[in-house]
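None of the figures in this text is laboratory data; all of them are computed from the coordinates on show. Predicted model only: the values in this text are computed from it and were never measured. Note: ideal-geometry Cβ built from the backbone for every residue, glycine included; neighbour counts use all protein chains shown.
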Amino acid sequence: MKSIIIEDMQMVCHVGDTPTDVLEVLQSGKIPPMDIEVVGGHNVPVARVHNTPLPTPKNPIFASRTNALAQYCAERLSSFHLNVAPERIGVVLGSSNAGIEEFHSAYRGGPLAEEDWHRLEPGNVSACVAEFLEAKGPVYTISTACSSSGKALAAAARLLKADVCDVVIAGGADALCRFALEGFHALQLIDSKPCEPFMINGGRINHGEGAALFVLTCRPARRGDIVLSGYGETSDAHHTTTPEPGGAQAARAMQQALYMAGKQPADVDYINMHGTGTDANDTMELNALTAVFGTTCPPCSSTKPFTGHCLGAAGAVEAAVCVALLQADTDQLPRVAPSSIPSGYESINFFSNAERPVRCCMSNSFAFGGNNVSLLLTRHD
C-alpha cells in the first residue's frame, strides 16, 4: 500500500535555519527577542529572519524576499528529485504576501517595470522554486491566507495520488510585509508585546516570516519514514476575518484528517495549534479541540510566540516543526504553555512532554474567511 512520504524537508524562520536548530530552541522554551517595527505609531515586535544570509534569485522577475526565503530552503533540499524526469516534478507552494513589499517599493519610486508586476503575483513564488529546481510539472501557488501552505501539502498529495507527478515540492514562504502589517493594524489585531496564545485576555498577533519546503513522493512506507497520512479541508463561510465561534468546521477538518489516516483521537501525540493569540481564533480552536478530543486532549501548543505568525507560510513552518519532532523520536515538546488555562477549557493539555515518544502529530491552520486545514503526520515503525 502506497503512502505520501516526506523524503526531505528544509525550513527557515526567526528562531533557526535548520529543522534541528528550530526544534532545539522550541524545546528550550527560551523565546529569542524579536525586532521592532513602528506600525501606526506603535512599536510592535516582528519575528524577522536576520541571522541567515539569504540568496539572491538570478532572474530579476523573482527578486523578492519571499522568493529568497523559498530559494534558501530549495538550495538545501537533497538531490532526490534529480533522478526524476522534470515533467514529473511538481511545485505547489502557499504564500500570502509574495512580492507585495517589493512592488510597493517600486510603485513609490516611479514607473513600474514588467518584472515589478510579476513579483506581485502569488504564482511568482512557485515559479521561482520551479525554475531553480528545473521542475516542469504542475506549478502553482495557493493563496488562502493563513491556511495557504497547509493546503499546499494536501494539494501535493492529491497530485501524487492521481499519478500526475512522481515528486512534488510543497510548502510555503512569506516575508514580512508593511502592507500586511498595516492591514492587520487596521483590524486592531497587531500586538505591541510578545503574543500569548490562549490567554483569552484581549491578545493580538505578532507577524513573522519564514519558509519550509518538503519533497513528497508516493510509495510504500518503510521503517522510520515520515508520512503525510491524513488531511482535512473545510470552510466556515462565516465572516471575512472572524472564525465561526463554535469551531464546527475546524473540528470537522481535524476529524477528516483522522479518518483519512485511520486514526483515533487517542492516537495523536501532539497538536501544533493554529493559536494566533487573538481571542476570536483561540476560543474557536479551543472549542474545536474540545469537540474532537473531549476530556482526553493530547499535549498541544502554539509555536507562534517563537516564530511569529508567518501568514501564508505558517502552515508549512508548523508542519515542519511536527516533522522535526517525528524525526527526533522524542517525547520533549515545544515549551510554550500559557501561564494559565482559560476557564472552561481545563481539559486542554498544554504540557510540554508527551506521554510517549511522538509518533503522530496534528498541525492546524485556520485562515481568514473560515478556510481550515488540518494535517496528520506520522512516523512509520
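Comparing HIS81, HIS238, HIS207 in a Gaussian network model of the chain where C-alpha atoms under 10 Å apart are linked, the largest mean-square fluctuation is found at HIS238.
In terms of surrounding Cβ atoms within a 10 Å radius of their Cβ, SER147, SER352, SER340 rank from fewest to most as SER340, SER352, SER147.
Applying both filters, DSSP loop and at most 13 other Cβ atoms within 10 Å, to the trypsin sites (Lys or Arg not before Pro) of region 18-85 gives LYS30, LYS58.
Take the chain and mark each of the GluC sites (Glu not before Pro) that is in a DSSP loop with at most 12 other Cβ atoms within 10 Å; the longest unmarked stretch, sites excluded, is 135-345. Ordering LEU289, LEU54, LEU160 from the fewest to the most neighbouring beta carbons within 10 Å gives LEU54, LEU160, LEU289.
For SER3, the amide hydrogen comes within under 5 Å of the amide hydrogens of ARG219, ALA221, counting only partners 5 or more places away or on other chains and with H modelled in the peptide plane.
Just to confirm a number: summing +1 for Lys and Arg and -1 for Asp and Glu over residues other than SER149 whose beta-carbon lies under 14 angstrom from that of SER149, what do you get? Once positives and negatives cancel, what remains is -3. Report for region 2-379 the percent antiparallel among DSSP-assigned beta bridges with both residues inside it, nearest 5. Roughly 70 percent of the DSSP beta bridges within region 2-379 come out antiparallel. Residue-wise HN-Hα couplings along region 73-84, as the Karplus relation 6.51 cos²θ - 1.76 cosθ + 1.60 with θ = phi - 60° gives them from phi, are 5, 4, 5, 9, 5, 5, 8, 3, 6, 5, 8, 10 Hz; Gly and Pro carry x.
Our summary of shape: the Cα atoms of region 21-133 have principal axis extents of 50, 47, 21 Å, ordered from largest down, in whole angstrom. Computed over the chain, the per-residue total of -39500 (n - 2.57) for DSSP H runs of n ≥ 4 gives a 222 nm mean residue ellipticity of -9500 deg cm²/dmol, rounded to 500. Residues ASP174, ASP282, arranged from fewest to most other Cβ atoms within 10 angstrom of their Cβ, appear as ASP282, ASP174.
For the pairs LYS30/LYS58; LYS2/LYS136; LYS30/LYS161; LYS2/LYS58; LYS136/LYS263; LYS263/LYS304, note any where the Cα-Cα span goes beyond 32 Å.
Those over the limit are LYS30/LYS58; LYS30/LYS161; LYS2/LYS58; LYS136/LYS263.
When the charge dipole of region 2-379 is built from unit charges on Cβ atoms (+1 for Lys and Arg, -1 for Asp and Glu) and taken about the Cα centre, the candidate among TYR107, THR217, SER95 whose Cα reaches farthest toward its positive end is THR217. Do any trypsin sites (Lys or Arg not before Pro) in region 116-225 lie in a DSSP loop with no more than 16 other beta carbon atoms within 10 Å, and if so, which? Those that pass, being in a loop and sparsely packed, are LYS136, ARG222, ARG223.
What does the charge count around ARG356 come to, taking other residues whose C-beta lies under 15 Å from its C-beta (Lys +1, Arg +1, Asp -1, Glu -1)? Before the final figure, lay out the partial values.
Working: positive: LYS263, ARG359, ARG379; negative: ASP267, ASP269, ASP329, ASP331, GLU355, ASP381.
Neighbourhood net charge equals -3.
For the chain, the orientation-averaged shadow of the C-alpha convex hull comes to 17.3 nm² (one quarter of the hull surface). For region 14-100, chymotrypsin sites (Phe, Trp or Tyr not before Pro) are listed when DSSP marks them as loop and at most 10 other Cβ atoms sit within 10 Å of their Cβ; the list is empty. Per-residue 3J(HN,Hα) values for region 211-217, derived from phi via the Karplus relation 6.51 cos²θ - 1.76 cosθ + 1.60 with θ = phi - 60°, read 7, 8, 10, 10, 9, 10, 9 Hz in sequence order (x marks Gly and Pro). Using R0 = 41 Å, the C-beta based FRET efficiency linking SER343 and THR52 works out to 0.50. For the chain, a crude dipole built from +1 on the beta carbon of Lys and Arg and -1 on the beta carbon of Asp and Glu, taken about the Cα centre, is about 480 debye to the nearest 20.
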